[in-house]
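Report on one structure; see the data block that follows.
The values are calculated or read from the model by the stated rules, or taken from the named source; none is laboratory data. Predicted, not measured: the structure shown is a model, and the values here were computed from it. Methodologically, a virtual Cβ is constructed for each residue, glycine included, from the backbone with ideal geometry; neighbour enumeration extends over all protein chains shown. Side chains included, ligands, DNA and RNA excluded: accessible areas come from the protein's heavy atoms. Shrake-Rupley method; radii C 1.70, N 1.55, O 1.52, S 1.80 Å.
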Amino acid sequence: MATENQTEIRSAVDIVTARQRGRALALELGFNGADVTLIAAAISEVARNIVDHAKSGEIVMGSVATTQNGGRTGIQIIARDQGPGIRDVAQAMQYGYSTRKGLGVGLPGAKWLMDEFDIASEAGRGTTITMKKWKR
Amino acid sequence: MQVPILKQGGYLIASIQSVLSDSDLVQLRDNLGERVGSYRSRGVIIDVTVLDVIDSFATRTLRAIAHMLKLRGAETVIVGIQPDVAFAMVQLGLTLEGVGTALDLEEGLAYLDEKTKRAPVNGN
Amino acid sequence: MRQSVNVRTHRPAVLQLKLNHPIRPMKRKPEFKIQNITHPSTPLADYNDPLLRELVAHLRQNRTQLREEWARRITDAQLLTAMTKEEIFSEATSVYDNYVEVLETGSVEALQAYARNLSERIIPRGVETHEVVGIVLLLRDVLARSLFKKYQGDFDLLNRVLDAYEPAANRIANTVAVSFVQERERVIRQQQEAIRELSTPVLQVRERLLILPMIGVIDAHRARQLTEQLLRGIRANRAKVVVVDITGVPTIDQTVANHLVKTVEASRLMGASVIITGLSAEIAQTIVTIGVDLSKMNAVGDLQGGIEEAERLLGYKVISTAEPVGSTAAKEQGA
Ligand SMILES: Nc1ncnc2c1ncn2[C@@H]1O[C@H](COP(=O)(O)OP(=O)(O)OP(=O)(O)O)[C@@H](O)[C@H]1O
Ligand SMILES: [Mg+2]
């Protein structure tokens, strides 16, 4: 069974580590080249948000399975931090919305790249993003 | 890791050698700005063939580099974006509007020749 | 009110689906009911069971006769019509021997491998799932009848023999059916994939110019596949211009329209320009209604016009230029 791994995110260098691990895991799980890149890009976005908006946090990834739709397997990525949290999640999910001079692409973009995207955030307590992609 | 910058005629070629961290990209921006000034380069090629992901930060930085260089009188062309990387970029909603793109180094040079030969002619 | 909870559903969905499929009625009803079919991995009766051993010995002794009886019943039931009598007999022999081996060893692995191999060979000849399920059930029936005959004097013993036989027989039937269905699904998937690739080749008309003729109804999955194919094609052929011809696409929905735009943008990121041709009035209307920015797309009426435009972009000029060619080509080597 594929390995689950955890990456501490403290600086921009860790973003590269996280997405390389994601790429390796996705390949191991049998995703094709195009999907592997989509997964790596999504990891890059949420990891960068941790560095940019919460200073530090972690990314945990592993395999995931469901019995729905005739049984599918995939990859699950959890990005967690104890940063400032997001006051208005719906607003943050809007394409182009950014509280710094970013493109405001990270959150909505990561959602488009993955099959499932769940964000839980509380002002002052932190943010947890859980995203999944299923093998086609 | 630093990005080597090569001078080729009136152009500069920056070949990204491995996965870039953000500070590398920022440094690249500063170095290119400086060299374009000192060499009076008319064109810059940034070769991203080895990049496995171009995310929103990288896109923003590449765009910023291109716009900054334009203000300094140089055209920028990004070459070598891989099929999967391009696909992930558009899925993210990222484009390189206002920045030239070409398939590879050779095409990048042709692109710059085409772009920069017109500029002086326009004067009359 | 008590809610009944169904706890018997722990078998592969695939099997459940296929067993609900009507099995061609057999000439006579089997002497025993088809009960819950056991999952292949369910541990079975003890194979040291003396009854099973006796059973195996019986099947070995009567191999020739039972095999022939089975082959005959297969022909009578008009199963495996795509195969000759000789072929049926030879396959029947192999299945029979594997069958006895399963009863003897309790391991279905060899049978599974054989069933896969058999499926691989007969699927291309059009053998259907119901036929395969049918022949295995027939074998069960043939063997059960011979057991009846042998033990009819001792009803109690007969019952015990059948109790030992039935779960094993079910497991065998299950193994063969599942192997077949899985193989068949694999083949179908492969064929669909092949048809898809065939129906939308990326054509290189001349150096640096690709044409992607889209044909048929495009769904999101297919649209994505096309995009991936095109982007790889751009790199492989070093294409500079791509003509996407959608004359053959009757309608598109929002997802696909958005995909089209993404394809154009991704191609541009790789340094290639895209020209869309064959945009019908309806599709153009759809695209506008959806709110997709058509100005981002270089649309040309028909394929011919698209290719001409592509050639112009590639610099195959037929037009007269005000500037004499070459006057500006000299590089300024000032420094
Ligand atoms: N982990 C986080 N903790 C706190 N706030 C966050 C976090 N992630 C995102 N946000 C908030 O959500 C906003 C939108 O995030 P998003 O990633 O879409 O854009 P961005 O990071 O501002 O710019 P880009 O990702 O395009 O460079 C951010 O500006 C920030 O205010
Ligand atoms: Mg972001």
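Excluding ligands, DNA and RNA, what is the solvent-accessible area per residue of chain A at a probe of 1.4 Å, expressed in Å²? Could you put the intermediate results ahead of the total?
On the way: 6500 Å² over 136 residues.
About 48 Å² of surface per residue is accessible.
Backbone phi angles across the range A:86-96, fed through the Karplus curve with coefficients 6.51, -1.76 and 1.60 (θ = phi - 60°), yield HN-Hα couplings of 10, 5, 10, 5, 4, 5, 5, 7, 6, 5, x Hz in residue order; Gly and Pro are listed as x.
Around the amide H of C:I275, modelled in the peptide plane, lie the amide H atoms of C:V242, C:V243, C:V244, all under 5 Å away and 5 or more residues distant in sequence or on another chain.
Report, in order of residue number, the helices in chain B meeting two criteria: a C-alpha extent of 18 Å or more along the helix axis, and a mean Kyte-Doolittle hydropathy of at least -1.0; treat each whole DSSP H run as one helix.
Working: long enough: B:22-39 (25 Å, -0.77); B:56-71 (23 Å, 0.48); B:105-121 (25 Å, -0.65).
TM-like helix candidates: B:22-39, B:56-71, B:105-121.
The per residue volume of the convex hull around the alpha-carbon atoms of the protein assembly as shown is 235 Å³. Only DSSP H runs of four or more residues enter the estimate; each adds -39500 (n - 2.57), and after division by the residues of chain B the mean residue ellipticity at 222 nm equals -16000 deg cm²/dmol. Atom-type composition of the exposed protein surface of the range C:45-113 places 47 percent of the accessible area on carbon and sulfur (1.4 angstrom probe).
Our note on the geometry: Cα centres of the range A:8-25 and the range C:149-196, 49 Å apart.
In terms of distances greater than 21 angstrom between alpha carbons, the cross-link table entries B:K70/C:K240; B:K70/C:K262; B:K7/B:K117; B:K7/B:K115 yield B:K70/C:K240; B:K70/C:K262.
Taking a probe of 1.4 Å and counting only protein heavy atoms, give the total accessible area buried between chains A and B in Å², rounded to the nearest 100.
Details: alone 7580 and 7080 Å², together 12730 Å².
Its buried surface, counting both partners, is about 1900 Å².
Per-residue shielding of A:30-40, expressed as the average number of other chain Cβ atoms within 10 Å of the residue Cβ, stands at 5. Relative to the globular-protein estimate of 2.2 N^0.38 Å, the Cα radius of gyration of chain A stands at 1.01. For B:E75, the amide hydrogen comes within under 5 Å of the amide hydrogens of B:G43, B:V44, counting only partners 5 or more places away or on other chains and with H modelled in the peptide plane. Per residue, the accessible area of the range B:27-124 comes to 40 Å², computed with a 1.4 Å probe over protein heavy atoms only.
How many Cβ atoms of partner chains, on average, are near each residue of C:238-244 if near means within 10 Å of its Cβ?
Details: counts 4, 1, 4, 0, 0, 0, 0.
Taking the mean over all residues of the peptide, I get 1.
Applying both filters, DSSP loop and at most 15 other Cβ atoms within 10 Å, to the trypsin sites (Lys or Arg not before Pro) of the range A:27-123 gives A:K55, A:R87, A:R100, A:K101. For the listed peptides C:143-150, B:2-9, C:266-273, B:101-108, a ranking on the average number of other beta carbons within 10 Å per residue, highest first, reads C:266-273, B:101-108, C:143-150, B:2-9. Comparing A:Q68, A:Q76, A:Q20 in a Gaussian network model of chain A (Cα springs below 10 Å), the most mobile by mean-square fluctuation is A:Q68.
Using the Karplus relation 6.51 cos²θ - 1.76 cosθ + 1.60 with θ = phi - 60°, the per-residue 3J(HN,Hα) values for the range C:107-118 come to 9, 8, 4, 4, 4, 4, 4, 5, 4, 4, 4, 4 Hz, with x marking Gly and Pro. Heavy-atom accessible area buried between chains C and B is around 2100 Å² (1.4 Å probe, both sides summed). Here the 3J(HN,Hα) profile of the range C:87-95, calculated from phi with Karplus coefficients 6.51, -1.76 and 1.60 at θ = phi - 60°, is 4, 4, 5, 5, 5, 4, 4, 4, 4 Hz, Gly and Pro shown as x. Each of C:R189 and A:R136 was given a label point 7 Å from its Cα along the Cα-to-Cβ line. The distance between the two points is 1.3 nm. The alpha carbon centroids of the range B:83-107 and the range A:45-78 are separated by 26 Å.
Give me the percent of the accessible area of the range C:214-291 that comes from carbon and sulfur atoms, probe 1.4 Å, all protein chains in place. Present the calculation step by step, with values, prior to reporting the outcome.
Values: 1670 of 2970 Å².
Carbon and sulfur: 56 percent of the exposed surface of the range C:214-291.
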